[in-house]
1. Contact list please: Cβ distance under 8 Å, first residue in region 48-74 and in contact (Cβ under 8 Å) with a residue 24 or more places away in the chain and among the charged types (D, E, K, R), second residue part of a loop (DSSP other than H, G, I, E, B) and surrounded by 11 or more Cβ atoms within 10 Å (Cβ to Cβ), pairs at least six apart or on different chains.
2. When region 49-74 is examined, which residues are found to be polar (S, T, N, Q) and either surrounded by 11 or more Cβ atoms within 10 Å (Cβ to Cβ) or at pLDDT 95 or above (or both)?
3. Here are the criteria: (1) surrounded by 12 or more Cβ atoms within 10 Å (Cβ to Cβ); (2) out of contact with any His (no Cβ under 8 Å at 6 or more places or on another chain); (3) touching a residue at least 40 places away in the same chain (Cβ under 8 Å). Tell me which single one M1 does not satisfy.
4. When residues of region 17-74 are filtered for being outside any strand (DSSP E or B), more than 9 Å from the chain's Cα centre (by Cα) and within 19 Å of R5 (Cβ to Cβ), how many remain?
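The values are calculated or read from the model by the stated rules, or taken from the named source; none is laboratory data. What you are looking at is a predicted structure, and each value in this text was computed from that prediction instead of being measured. Positions of Cβ are backbone-derived with ideal geometry, glycine not excepted, and every protein chain shown enters the neighbour counts.
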Amino acid sequence: MTRIRFHLAISYDQYRLAYEGSRKTIRVRADDGRTIDFPASNVQKFLTREGIHGYFEMQLSAENRFVGINRIDA
């Protein structure tokens with residue numbers, strides 16, 4: 001299993017645009033320097049009125065398929 005860690009700081013409106021837009025993805029730079037795109041729906045459960053802010057760890061299978069995501073302490 002692959003684990004990718006990254007910070008995410010987007011406002012509620014920015015998230016809404018990504019989720020409802022034609023692309024429906026969020027792009028972040030991971031701690032290891034790579035840029036990753038993933039469906040906005042993967043982080044929807046973390047959405048508050050202020051947006052989504054925090055440090056996250058995404059888990060991918062050996063086939064690079066999304067397994068899960070958690071907010072973690074830095």
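1. E50/S11
2. If the condition is that a residue be polar (S, T, N, Q) and either surrounded by 11 or more Cβ atoms within 10 Å (Cβ to Cβ) or at pLDDT 95 or above (or both), then Q59, S61, N70 are the ones that fit.
3. Of the numbered conditions (1) surrounded by 12 or more Cβ atoms within 10 Å (Cβ to Cβ); (2) out of contact with any His (no Cβ under 8 Å at 6 or more places or on another chain); (3) touching a residue at least 40 places away in the same chain (Cβ under 8 Å), the odd one out for M1 is (1).
4. So the count comes out to 13.
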